[in-house]
Amino acid sequence: AALQAGREVGFDERRAADFFAALGVPMVKAVAVSDARRIAAAVGEVGAPVVLKILSADIPHKTEAEGVALGIPDGQTAAVAAREIEKRVKACAPSARLQGFLVQKMERGLVEVILGFRRDPLVGPTITVGLGGVLAEIYKDASTRLAPVDESEALQMIAEVKGLATIRGYRNLPKGDVAALAKTIAAFSALAHKQFADVVEAEINPLLVKRDGEGAVAVDGLVVLVGP
C-alpha cells in the first residue's frame, strides 16, 4: 500500500518514510502538513526541537534547494521558518510542485550512516553501506553486496567501513548499537525482492546510530521508480 501511494502521488519524503517503515526501517517521528498555518500544531505533536523540511517529489535533495531548517525550538518559530523556506525553494526550484512541509523530531546519534540500494543492469540489485551525512561524497568509505542480505552479512559490511570503527568499540569511545544497524540494513535490502521491481534506486541518508541498546533511526529517505 505504501508503494502504491508513492506511485500515485510521487515519492516525496513522507511517502518514502512510509515505505521504508513498512519494510521494517525505524523512521524518525514526523508529521506532514499541507501549509504553514498548521505548523505550530505539528510541532506540539512531534515535540520540540524539530527539523522543518519542504515536501516535494520534485526536490529529491532539499538542502541544495534551501528547503531545510534545523533545531527549531517552538511552533511560532517554525511557522516563520516555513514561510521563509517556501520563498527560498520557489526561488531555487520555481517549477517544483510543493506538497507542504514535514515536521520531524530533532534526533542525534553517535554516527551518520548512508544506506543505498540500486538495481545494477549487469549484476542486479545491490545494497551499499557507508559513512553518511555530508561526509558520504567526500570519503567514499563504503561496503557493497548483492541484495538482499541477512543480519550476519550486514555485520560483515559494517566491519568493512573504516569510518564506522568508532561505533564498533574503538578505544574509550561509546559503543554504538551495531546490532540495530545490521537489522536495519537487512530490512532495507528487502527492496531487492520482486514485488518492488519498479524501485530502481533508494537511499537513506542519514541513518543515525545511537548508543548500544538505544537503536538506530532514519531521518531522510529517497525512492526512485523506473521511468514510464
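Report the GluC sites (Glu not before Pro) located in region 1-105 that are in a DSSP loop and have at most 14 other Cβ atoms inside 10 Å of their Cβ, or state none.
Values: sites: Glu8, Glu13, Glu45, Glu64, Glu66, Glu84, Glu86; in loops: Glu64, Glu66.
Here the sparse-neighbourhood loop sites are Glu64.
Backbone amide hydrogens, once placed in the peptide plane, bring Gly169 within less than 5 Å of Gly176, excluding anything fewer than 5 places away on its chain. Amide hydrogen proximity for Met27: with H placed 1.01 Å from N in the peptide plane, the residues at 5 or more positions away or on another chain lying under 5 Å are Ala218.
Return the calculated 222 nm mean residue ellipticity for the chain, to the nearest 500 deg cm²/dmol, obtained by summing -39500 (n - 2.57) across DSSP H runs with n ≥ 4 and dividing by the residue count. Each step should come with its number before you reach the end.
Values: 7 runs with 70 residues, N = 228.
It comes out at -9000 deg cm²/dmol, rounded to the nearest 500.
Region 145-173 and region 206-228 have their alpha-carbon centroids 16 Å apart.
Starting with the highest mean, order 183-190, 208-215 by the number of other Cβ atoms within 10 Å, averaged over the residues of each peptide.
Working: 183-190: 23.9, 208-215: 17.1.
Ranking, from highest mean packing down: 183-190, 208-215.
Note that region 48-55 has calculated 3J(HN,Hα) couplings of 6, x, 10, 10, 10, 10, 6, 10 Hz, one per residue in order, obtained from phi through the Karplus relation 6.51 cos²θ - 1.76 cosθ + 1.60 (θ = phi - 60°); glycine and proline are x.
So what is the accessible area of the chain per residue, in Å², with the probe set to 1.4 Å? Working shown, then result.
On the way: 11500 Å² over 228 residues.
Here the per-residue accessible area is 50 Å².
Using the average count of surrounding beta-carbon atoms within 10 Å as a protection proxy, the listed peptides 93-99, 168-174 rank, highest first, as 93-99, 168-174.
Taking the square roots of 5 times each eigenvalue of the Cα gyration tensor of region 174-228, largest first, gives ellipsoid semi-axes of 27, 12, 5 Å. Each peptide in 14-24, 34-44 receives the mean, over its residues, of other Cβ atoms within 10 Å, and ordering these scores from highest gives 14-24, 34-44. Assuming a viscosity of 0.890 mPa s and a temperature of 25 °C, what translational diffusion coefficient in µm² per second does Stokes-Einstein assign to region 40-80, Rh being the Kirkwood radius over Cα pairs? Here the translational diffusion coefficient equals 229 µm²/s. Histogrammed with a bin width of 10 Å, the alpha carbon distances of the chain distribute as 8, 32, 35, 20, 4, 0 percent, first bin at zero.
The values are calculated or read from the model by the stated rules, or taken from the named source; none is laboratory data. Everything quoted here is computed from the prediction, not taken from an experiment. Reconstructed Cβ throughout: ideal geometry from the backbone, glycine too, with neighbour counts over all protein chains shown. These area figures cover heavy atoms from the full protein model, side chains too; ligands, DNA and RNA do not enter into them. Shrake-Rupley method; radii C 1.70, N 1.55, O 1.52, S 1.80 Å.
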